[in-house]
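Notes follow once the structure below has been shown.
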Amino acid sequence: MFRRLATIAILSLAIATSAFAGPAKPRHIAIQIDQNDPQVMNLVLNNATNVIEYYRAKKQDVDIDIVAYGPGLHMLRADTSPVRDRIKRLKDIAFPSKVQFSACNNTKQGMEKAEGHPITIVPEATVVPSGVVHLMELQEGGWSYLRP
């Protein structure tokens, strides 16, 4: 009898504690890609997928921003991306979590000048003025940072 009452008391305390814990802390992670290497690009996408699946299992959302600059911009170039299909699939499976792909405009302009033609970025990506500055501002805003 005492054991049963103790178990009920412990369960009641656990339920009360979780009720007062409040909503889960928002999760945000910025992942950098600065290499034109399909293995590293796939690693970035694997990391993002793993983070989404981890928090999905906990019934929590997570915001992910994959920031490409320098040679890593090839990940988001429509003409050179070796992972274009995976980018689209990741955007599709992420909901309700949010995945953003940020393409560095400084790098884009440099590549356009060097190659002598406009560069198209995959439609899933957003062009940001500077990839490095974007990463810095995300970190200042409390985002976690990952460089695979």
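The values are calculated or read from the model by the stated rules, or taken from the named source; none is laboratory data. All values reported here derive from a predicted model rather than from experimental measurement. What goes into the accessible areas is simple: the full protein's heavy atoms, side chains included, and nothing from ligands, DNA or RNA. Shrake-Rupley method; radii C 1.70, N 1.55, O 1.52, S 1.80 Å.
Overview of results
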quantity: Reachable aspartates and glutamates from K113, criterion Cα separation under 20 angstrom, eight or more residues apart if same chain; calculated: D34, D79
quantity: Rounded, prolate or oblate (a/c below 1.5 giving rounded, otherwise prolate when a/b exceeds b/c) for segment 65-148 by Cα gyration tensor; calculated: oblate
quantity: Solvent-accessible area, 1.4 Å probe, carbon plus sulfur percent, for segment 47-100; calculated: 51
quantity: Other-chain or far-sequence residues with amide H under 5 Å of N36's (modelled H); calculated: G72
quantity: Candidate lysines for bridging to K91, where Cα separation is under 19 Å - those fewer than 8 sequence places away on the same chain excluded; calculated: K59
quantity: Accessible area expressed per residue, segment 60-148, with surrounding protein chains retained (probe 1.4 Å, Å²); calculated: 52
quantity: M111, M75, M136, reordered so the largest accessible area comes first (probe 1.4 Å); calculated: M136, M111, M75
